[in-house]
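Below: the structure, in structure tokens.
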């Protein structure tokens with residue numbers, strides 16, 4: 001790497017709150033754009049193809065929904081390692097780690113792509129895909145499987161950038177993807193009438209576009225990354241891979257198990273009929289949207305803490321948690337007030353059904369607990385993430401997404417006979433125990449001695 005040059009921001013210097021806000025804002029916009037453009041496929045296919053196309057895209061997209069979190073999990077793992085190395089100014093180790101990280105993602109994506117293509121039909125059969133939509137789902141699954149290397153490549157490059165303090169470029173890359181996706185969706189589905197295959201091509205092309213944009217940026221700034229287009233650069237470094245796998249595998253397992261538990265909750269709520277199912281579906285969309293700030297703050301503060309722990313600036317890392325907590329709670333309070341006073345307006349964005357709107361008011365007011373607890377855990381868990389404590393992060397995720405969510409739901413439904421509302425309460429309270437664990441870890445100060453890298 002060229003001395004005196006740097007990609008992104010040095011998050012170990014300058015006013016803490018200002019640095020955190022400047023770093024997190026592009027991440028918020030990135031997640032917001034990603035949420036909005038991910039809805040375009042279903043909107044277009046539902047309007048211009050009908051229910052068969054909608055089911056085909058939904059069922060065919062299950063594979064992508066399962067494997068994309070694997071890509072983001074390993075991207076987060078690489079981000080933590082790179083942040084600590086950047087903070088510690090270990091230039092040579094940083095160069096080797098980036099090369100190994102990119103190579104690992106390429107190989108993993110190709111293996112998963114091959115598996116998805118080989119097991120396409122068995123997967124759709126396992127998912128009970130309706131026969132009428134089987135062809136549509138098969139086309140969607142195969143084409144999106146071919147885009148897996150781009151998903152892993154894009155997330156890997158963004159993990160490198162965020163680890164080094166650069167959060168603006170991923171926003172530009174996702175805007176490129178959104179533009180390509182929307183344009184091709186309209187062209188291929190409406191004009192060329194390719195149905196689910198058209199939507200899949202649009203999705204894969206948008207992923208390719210975002211990866212190419214990210215890779216071009218990395219190549220143009222190769223001196224700052226120490227990046228070289230040589231096979232020797234992509235050589236596997238055992239020490240770096242060991243750390244990445246130690247961080248990434250538990251995170252990937254956690255996200256998959258959490259998704260399974262969400263499917264369990266959704267399936268049980270669906271059993272109570274169309275009103276409960278509609279309320280839960282709309283509620284899930286709103287919950288994800290309203291918690292974008294907390295999710296983004298967790299990503300930003302985790303990277304910032306990683307750099308500062310690498311630089312052994314423990315007091316600064318502690319300040320980051322405090323500022324993240326204050327910011328997330330302030331936003332969560334505003335969201336809670338909106339939910340209290342304007343629940344019909346929020347649910348009305350997605351539905352006009354009066355019964356769904358009525359139950360939606362109940363859903364949103366129960367979820368106020370979730371908004372506030374999620375705000376707090378985003379701040380405290382960022383210390384767990386930044387310190388690279390993979391076992392604790394895995395345990396917190398399993399408690400949150402599986403044990404507490406399912407356990408509390410069963411208690412409310414079977415003991416208190418609360419029917420579908422019991423599942424809402426189970427989801428709302430599922431993060432309370434994990435929050436207590438995160439606070440205990442923060443107060444213990446054990447993160448001060450956490451080491452991913454050797455001096």
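The values are calculated or read from the model by the stated rules, or taken from the named source; none is laboratory data. The model shown is predicted, which means the values in this text are computed figures rather than measured ones. Quick reminder, even Gly has a Cβ in these numbers, built from the backbone with ideal geometry, and neighbours come from all protein chains shown.
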- Task: Might you check whether a residue that is within 18 Å of the chain's Cα centre (by Cα) and outside any helix (DSSP H, G or I) occurs anywhere in region 389-397?
- Result: no
- Set 347, 341, 394: member being over 15 Å from residue 298 (Cβ atoms) and buried (at least 21 other Cβ atoms within 10 Å of the Cβ): 347
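Can you confirm whether residue 29 is modelled with pLDDT of 75 or more and either under 19 Å from residue 206 (Cβ atoms) or assigned by TED's automatic domain parsing to the domain that holds residue 298 (or both)?
Working: modelled with pLDDT of 75 or more: yes; either under 19 Å from residue 206 (Cβ atoms) or assigned by TED's automatic domain parsing to the domain that holds residue 298 (or both): yes.
So residue 29 passes the test.
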- Message: Please determine whether any residue of region 400-409 is assigned to a helix (DSSP H, G or I) and closer than 25 Å to residue 322 by Cβ.
- Response: yes
- Message: Among the residues of region 214-237, are any in a helix (DSSP H, G or I), surrounded by fewer than 17 Cβ atoms within 10 Å (Cβ to Cβ) and under 26 Å from the mean Cα position of the chain (by Cα)?
- Response: yes
- Message: If a residue must be within 22 Å of residue 94 (Cα to Cα) and in contact (Cβ under 8 Å) with a residue 60 or more places away in the chain, how many such residues does region 193-216 contain?
- Response: 3
- Message: Return the residues of region 76-96 that are in a helix (DSSP H, G or I) and either surrounded by fewer than 21 Cβ atoms within 10 Å (Cβ to Cβ) or modelled with pLDDT of 95 or more (or both); say none if nothing qualifies.
- Response: 91, 92, 93, 95, 96
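Identify, from the list 384, 413, 402, the residue that is more than 24 Å from residue 449 (Cβ to Cβ) and within 19 Å of the chain's Cα centre (by Cα).
Numbers: 384 fails: more than 24 Å from residue 449 (Cβ to Cβ); 413 fails: within 19 Å of the chain's Cα centre (by Cα).
Exactly one residue qualifies, and that residue is 402.
Inspect all residues belonging to region 203-212 and state whether any of them is outside any helix (DSSP H, G or I), assigned by TED's automatic domain parsing to the domain that holds residue 100 and under 24 Å from residue 81 (Cβ atoms). Spell out how you get there, then give the answer.
Narrowing region 203-212 to residues outside any helix (DSSP H, G or I): none.
So far as region 203-212 goes, no, none of its residues is outside any helix (DSSP H, G or I), assigned by TED's automatic domain parsing to the domain that holds residue 100 and under 24 Å from residue 81 (Cβ atoms).
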- Looking at region 418-432, is at least one residue free of Cβ contacts under 8 Å to residues at least 40 places away in the same chain and either surrounded by fewer than 23 Cβ atoms within 10 Å (Cβ to Cβ) or part of a helix (DSSP H, G or I) (or both)? yes
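What residue, of 182, 151, 174, is surrounded by fewer than 22 Cβ atoms within 10 Å (Cβ to Cβ), in contact with a helix residue (DSSP H, G or I) (Cβ under 7 Å, 6 or more places away or on another chain), on the phi < 0 side of the Ramachandran plot and part of a helix (DSSP H, G or I)?
Numbers: 151 fails: surrounded by fewer than 22 Cβ atoms within 10 Å (Cβ to Cβ); 174 fails: surrounded by fewer than 22 Cβ atoms within 10 Å (Cβ to Cβ).
That would be 182, the only listed residue that is surrounded by fewer than 22 Cβ atoms within 10 Å (Cβ to Cβ), in contact with a helix residue (DSSP H, G or I) (Cβ under 7 Å, 6 or more places away or on another chain), on the phi < 0 side of the Ramachandran plot and part of a helix (DSSP H, G or I).
Only one of these is farther than 30 Å from residue 355 by Cβ, touching a helix residue (DSSP H, G or I) at 6+ places or on another chain (Cβ under 9 Å) and in the same structural domain as residue 404 (by TED's automatic domain parsing): 229, 304. Name it.
Values: 229 fails: in the same structural domain as residue 404 (by TED's automatic domain parsing).
Of 229, 304, the one residue that is farther than 30 Å from residue 355 by Cβ, touching a helix residue (DSSP H, G or I) at 6+ places or on another chain (Cβ under 9 Å) and in the same structural domain as residue 404 (by TED's automatic domain parsing) is 304.
Answer with yes or no whether residue 261 is surrounded by fewer than 24 Cβ atoms within 10 Å (Cβ to Cβ), in contact (Cβ under 8 Å) with a residue 40 or more places away in the chain and assigned by TED's automatic domain parsing to the domain that holds residue 403. So that I can check it myself, show each step before the final result.
Details: surrounded by fewer than 24 Cβ atoms within 10 Å (Cβ to Cβ): yes; in contact (Cβ under 8 Å) with a residue 40 or more places away in the chain: yes; assigned by TED's automatic domain parsing to the domain that holds residue 403: no.
No, not satisfied.
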- Would it be correct to say that residue 91 is under 22 Å from residue 260 (Cβ atoms) and in contact with a helix residue (DSSP H, G or I) (Cβ under 9 Å, 6 or more places away or on another chain)? no
